[in-house]
Structures are given as C-alpha cells and as structure tokens.
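Notes for the one structure printed next.
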C-alpha cells in the first residue's frame with residue numbers, strides 16, 4: 001500500500017541535480033498529497049469568503065468548510081469540535097496556554113485567577129527533551145510569576161528518566177508540560193504514567209503532540225490531558241495552521257491573549273465580553289483555505305490508517321538504525337525502544353551542516369542543526385546533529401539511498417576511518 005502512495009505526492013518526482021529526491025525531513029514539515037493541494041486551490045477558485053458573519057451563499061459555504069474542518073480534526077484526535085481552536089501554529093497554541101495562565105496569575109478574571117494563578121510557591125515541570133516551543137513559554141511564565149521551573153532529565157538511551165518523578169512533580173506543581181514524541185530522538189514518551197502523576201498532585205497537563213498526531217493513533221480524551229497542541233503542516237496539511245485542543249471547561253476559563261474582532265460577545269467603550277471556546281481564541285480573519293485543505297489531509301490519514309503508518313515508520317527506523325550501525329564513526333543520539341521513524345546522529349569529524357550538504361548533493365534531504373532543542377543536544381554533548389525523519393511516503397529505497405550517501409561522508413571530507 002505505501003509504495004503506491006508516493007504517486008499522490010507530486011513533489012517526490014523532483015530531482016536534485018541528477019539524483020532523484022529522497023525526502024527524509026518530514027519531522028520539519030511533511031509533503032502534501034495532490035488532493036490537499038487541490039482542495040486549497042479549489043477553495044480560492046470557488047468558495048473564498050469571510051466566515052461566520054456573511055449571509056450570502058459564498059460566506060455560508062466558506063463557514064461550512066471552516067467548521068467541517070474542526071469536526072474532522074476532532075475525529076482525528078478525540079473530543080468534540082468545540083475543543084478544537086485554530087491557531088497559526090503549534091507554537092502559538094502553546095503560548096496561548098502559557099500566556100493565558102500568566103494573565104490569570106496577574107489577576108485577570110475571577111474564575112481564571114482561581115483556577116490558573118501561579119505564585120512563587122508553585123512549580124512548572126517540563127522535560128530536557130522539549131522543543132523550544134514547549135520550553136521557552138514556560139521559562140517566561142516562571143520568570144513572570146516567580147514559579148520554579150523544573151525538568152525531567154533524559155537518559156543515555158534517549159528516554160525520560162522517571163526515577164525521581166515523584167520528587168520533581170510534587171504538590172507544588174501546577175503545570176506539567178511535555179512532548180508526546182521527541183522531535184530529535186523519535187522517542188515516544190509514557191503519557192499515561194506522567195498524566196497519572198499529574199493527577200495525583202492536581203497539576204494541569206499540556207501535551208506537545210506535533211510529532212505524534214501525524215504518525216500514530218492519538219486520542220487526547222483517552223490520554224486524559226488538559227491541553228494539547230499540534231500543527232497541520234507536519235500532518236500533510238498546509239503551513240500557517242495549528243491546533244489548540246483543550247478541555248471545554250478549561251478553555252472557557254482560560255483568559256484570551258489575542259483579542260479583537262470575531263471573539264467578542266459585546267463591546268462598549270469601557271469593556272468587552274469574550275465568547276466561549278473555540279472562538280474565544282480565534283481573533284481576526286481566519287485561515288479558511290488552510291482549514292479546508294487540512295480537513296482533506298485528515299481524511300487522507302484516516303484512509304491510510306494511523307496504526308499502519310506507525311508500523312510502517314518503525315520498520316523504516318529499523319532499517320536506518322541497522323544501516324547506520326554498520327558505518328564507522330557515527331553515533332546515534334538515543335536508542336529508545338518505542339519510537340517513530342526519526343533518527344538523529346553525529347558524524348565524527350564532520351559538522352552536521354557539511355553532512356547535510358553532502359547528502360543533498362546526492363538527492364537526500366535531511367535536517368541539520370539543533371532542531372530547536374538545544375538543551376537536549378547539550379545533554380548528548382553536541383551542538384548540532386543530522387536528523388533523518390520518515391513518513392508514510394518513504395520506502396526502503398529512500399533508506400538505502402540515504403545509507404549509501406551517509407557512508408561516503410567521512411571519506412569525502414578526508415576523515416580517517418579510525419577517527420578525525
């Protein structure tokens with residue numbers, strides 16, 4: 001099945017110089033099937049209009065497409081459509097939660113202050129493997145409120161070290177924010193165990209699901225999280241669109257941080273009232289074409305099957321890991337048992353950017369740098385790494401071409417087999 005899917009993605013027919021493209025950078029952004037591209041174009045050709053406020057036919061059709069996208073996403077990740085709030089990206093979604101808590105901590109809204117307020121007596125817990133999008137907002141919240149910022153460390157195997165979980169997540173903890181899947185290591189974290197501890201101490205759980213929703217079955221309701229964030233562009237959808245998912249009561253209590261049109265109930269010259277979620281967090285003109293296209297992407301993923309995608313990627317990860325193990329001078333970062341098809345590594349004697357450029361010359365697209373996870377790279381003693389990340393359109397031939405090119409990197413740069 002997966003071999004025939006490649007034909008749905010027109011960009012995979014591209015050539016890099018004289019080489020066919022092997023795209024192994026889906027952890028950064030996924031490619032788009034033709035049906036998603038067609039939906040995006042068709043919206044502007046036939047249905048383009050502002051949503052919610054218009055009474056004419058185009059406005060009704062645009063609103064239907066917009067709200068049907070919400071329904072589609074709810075079907076993908078669990079819960080009701082009212083729990084799906086559109087944002088520009090997952091980074092904005094996570095900031096909305098952190099900044100909303102910050103506003104509550106500084107006295108905005110009676111119920112919000114009671115439910116969310118933080119003080120210097122409280123703590124926020126994250127992990128050492130977080131993407132900066134789920135780290136920097138919590139640093140800023142801690143600095144603003146005086147709350148203590150703590151983190152769960154990472155083992156040599158690239159898994160969370162939970163040996164001190166009960167000490168780090170304690171009765172002072174008000175927020176536990178962590179990634180479902182590491183964007184560097186591919187590690188799938190034990191959500192149930194972490195949520196269980198949060199429930200014991202009454203902490204809110206914020207889940208970064210950017211690297212899990214596109215690659216495996218995910219149900220936020222079953223996972224029992226309070227807030228979750230992910231982006232469309234990593235899940236076959238367009239850029240410029242993210243999702244904030246939350247529990248209904250919590251979303252309605254969380255203070256909005258983006259205000260203006262489309263999210264108010266009434267406005268006077270002295271004060272304004274805000275709508276309940278999801279419109280509460282959707283100020284201004286909305287990305288309707290992006291939502292319509294993402295709904296098509298969600299349907300595509302459902303048709304293929306997320307469990308099948310997860311199994312397919314694990315097979316590709318095994319090919320990558322076994323192949324890299326045969327190449328001298330390469331260290332894989334982490335070796336988690338439960339993972340998606342993402343592998344990051346360090347090439348002895350060759351900078352990650354040089355590795356990436358050489359692979360690109362052979363038609364292999366990978367990611368290089370710190371992948372917005374500098375603390376995790378410091379944990380493994382490197383400033384940068386090269387990352388190959390697979391998706392449903394990749395196959396064993398992509399892996400073979402990658403491994404063949406990777407084996408040539410150190411000889412190409414004149415690095416001796418025994419070391420730099």
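Tabulated data for the structure shown
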| read-out | value |
| --- | --- |
| Sole exception among (1) surrounded by fewer than 20 Cβ atoms within 10 Å (Cβ to Cβ); (2) touching a residue at least 24 places away in the same chain (Cβ under 8 Å) for residue 355, by number | (1) |
| Any hit, the stretch 361-384, residues being closer than 20 Å to residue 26 by Cβ, surrounded by fewer than 16 Cβ atoms within 10 Å (Cβ to Cβ) and over 25 Å from the mean Cα position of the chain (by Cα) | no |
| Leading residue by the ranking (surrounded by the fewest Cβ atoms within 10 Å (Cβ to Cβ)) among those in the stretch 27-42 that are in contact with a helix residue (DSSP H, G or I) (Cβ under 6 Å, 6 or more places away or on another chain) and assigned to a loop (DSSP other than H, G, I, E, B) | 31 |
| Residues located in the stretch 173-197, provided they are in contact with a helix residue (DSSP H, G or I) (Cβ under 8 Å, 6 or more places away or on another chain) and assigned to a loop (DSSP other than H, G, I, E, B) | 180, 182, 184, 185, 186 |
| For residue 222: the one exception among (1) under 19 Å from residue 84 (Cα atoms); (2) in a loop (DSSP other than H, G, I, E, B); (3) over 17 Å from the mean Cα position of the chain (by Cα) | (2) |
| Matching residues in the stretch 227-262 - criterion: being closer than 30 Å to residue 25 by Cα and in a loop (DSSP other than H, G, I, E, B) | 232, 233, 234, 235, 236, 237, 238, 239, 240, 241 |
| Residue within the stretch 14-26 that is in contact with a helix residue (DSSP H, G or I) (Cβ under 7 Å, 6 or more places away or on another chain), touching a residue at least 40 places away in the same chain (Cβ under 8 Å), part of a helix (DSSP H, G or I) and surrounded by 15 or more Cβ atoms within 10 Å (Cβ to Cβ) present | no |
| Residue in the stretch 130-140 that is part of a helix (DSSP H, G or I) and over 17 Å from the mean Cα position of the chain (by Cα) present | yes |
| Complete set of residues in the stretch 282-334 that are within 30 Å of residue 260 (Cβ to Cβ), outside any helix (DSSP H, G or I) and touching a strand residue (DSSP E or B) at 6+ places or on another chain (Cβ under 9 Å) | 282, 283, 286, 287 |
| Matching residues, the stretch 203-232, being surrounded by fewer than 19 Cβ atoms within 10 Å (Cβ to Cβ) and out of contact with any strand residue (DSSP E or B) (no Cβ under 8 Å at 6 or more places or on another chain) | 217, 219, 221, 222 |
| Any hit, the stretch 79-91, residues being over 30 Å from residue 236 (Cα atoms) and in a loop (DSSP other than H, G, I, E, B) | no |
| Pair list, Cβ < 7 Å and 6+ apart or interchain, from the stretch 322-341 residues that are without any contact (Cβ under 8 Å) to a residue 40 or more places away in the chain to residues that are surrounded by 14 or more Cβ atoms within 10 Å (Cβ to Cβ) | 331/345; 331/346; 332/321; 332/324; 332/343; 332/345 |
| Subset of the stretch 205-215 that is in a strand (DSSP E or B) and in contact (Cβ under 8 Å) with a residue 60 or more places away in the chain - its residue that is farthest from residue 320 (Cα to Cα) | 206 |
| Meets criteria (at pLDDT 95 or above, in a loop (DSSP other than H, G, I, E, B), out of contact with any strand residue (DSSP E or B) (no Cβ under 8 Å at 6 or more places or on another chain) and in the same structural domain as residue 69 (by TED's automatic domain parsing)) for residue 200 | no |
| Matching residues in the stretch 157-179 - criterion: being touching a residue at least 40 places away in the same chain (Cβ under 8 Å) and more than 23 Å from the chain's Cα centre (by Cα) | 168, 169, 170, 172, 173 |
| The stretch 43-63: number of residues that are part of a helix (DSSP H, G or I), touching a helix residue (DSSP H, G or I) at 6+ places or on another chain (Cβ under 9 Å) and surrounded by 15 or more Cβ atoms within 10 Å (Cβ to Cβ) | 4 |
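The values are calculated or read from the model by the stated rules, or taken from the named source; none is laboratory data. Since we're looking at a predicted model, the values are computed, not measured. We place every Cβ from the backbone using ideal geometry, glycine too, and count neighbours over all the protein chains shown.
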